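For reference, the structure is listed below as structure tokens.
The values are calculated or read from the model by the stated rules, or taken from the named source; none is laboratory data. Remember, predicted model here, so these are calculated numbers, not experimental data. Quick reminder, even Gly has a Cβ in these numbers, built from the backbone with ideal geometry, and neighbours come from all protein chains shown. Please note that ligands, DNA and RNA were not included when accessible areas were found on the heavy atoms of the full protein model with its side chains. Shrake-Rupley method; radii C 1.70, N 1.55, O 1.52, S 1.80 Å.
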Amino acid sequence: MKKVVLKNFVFFFLMCMVGVSCSRPASSKEEFLREFYTECVFGVNPECRKILVENSSERLLKFLRDGYGYDCEDDNCYAIWLFRTGFQDSDYRAVDTTGVKEVVNLNGGCYLVRYFDMGWKGATRIRFVEENGKLVMDELFDERGVDSFTISNGGYVTSEELQAK
């Protein structure tokens, strides 16, 4: 009996913790994206696949499946790294830090996520659309070199920049 109660408690606790959803009002899309990046893009939340599927259009899911490029047993593997800069190692001059700097509402259903990715500055624009009555992520645009926060070949994070926050 104790095992059943414990399992139910853990299940409901996890459900509360992973309650990231795009059914929130537009003003909290910034919060959703900040949580999504923290928990799924940079983190290791065990519910990331579920969160991604529930909050992405079929078009974005196909794009992420096609970008996976490795063997996948169940055809449900997603290239979540496409939300990041693409750099694999930190620059030796960089402060090796990872996290969201800010999320900006660009209007028209687009949001810009500026982040630090292992010491690299990154920026990704994410477009939301309505699908089946719910706003979901639909497209990703790498904004490195377009956004003033970054440069095209990858700017790195300095200690002075982190202290200026």
Legend entry - Scope segment 55-85; condition part of a loop (DSSP other than H, G, I, E, B) and without any contact (Cβ under 8 Å) to a residue 24 or more places away in the chain; matching residues: 67, 68, 69, 70, 71, 72, 73, 74, 75, 77, 79
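How many residues, within segment 39-71, are surrounded by fewer than 16 Cβ atoms within 10 Å (Cβ to Cβ), within 23 Å of residue 121 (Cα to Cα) and of a type in the set (A, V, I, L, M, F, W, C)?
Quick first cut of segment 39-71, residues surrounded by fewer than 16 Cβ atoms within 10 Å (Cβ to Cβ) only: 43-44, 46, 49-50, 53-54, 58-59, 62, 65-67, 69-71.
Filter once more, so that each one left must be within 23 Å of residue 121 (Cα to Cα): 43-44, 67.
Now narrow it down to the ones that are of a type in the set (A, V, I, L, M, F, W, C): 44.
Qualifying residue count for the region: 1.
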Inset, instruction - Of all residues in segment 123-142, count the ones that are at pLDDT below 95 and within 14 Å of residue 84 (Cα to Cα). - result: 1
Inset, instruction - Taking residue 96 as meeting all but one of (1) charged (D, E, K, R); (2) modelled with pLDDT under 95; (3) in a strand (DSSP E or B), write down the number of the exception. - result: (3)
Inset, instruction - Report yes if some residue within segment 104-115 is closer than 18 Å to residue 55 by Cβ, touching a Ser or Thr at 6+ places or on another chain (Cβ under 6 Å) and surrounded by 19 or more Cβ atoms within 10 Å (Cβ to Cβ); otherwise report no. - result: yes
Legend entry - Residues (aromatic (Phe, Trp, Tyr), in a helix (DSSP H, G or I) and either at pLDDT 95 or above or within 16 Å of residue 100 (Cβ to Cβ) (or both)) located in segment 1-54: 32, 36, 37
Inset, instruction - Collect the residues in segment 124-151 that are assigned to a loop (DSSP other than H, G, I, E, B), open to solvent by 30 Å² or more (accessible area, probe 1.4 Å) and touching a Lys or Arg at 6+ places or on another chain (Cβ under 8 Å), keeping them in residue-number order. - result: 151
Inset, instruction - Within segment 84-103, identify whether any single residue is surrounded by 16 or more Cβ atoms within 10 Å (Cβ to Cβ), closer than 15 Å to residue 32 by Cβ and either among the aliphatic types (A, V, I, L, M) or in contact with a helix residue (DSSP H, G or I) (Cβ under 6 Å, 6 or more places away or on another chain) (or both), and answer yes or no. - result: yes
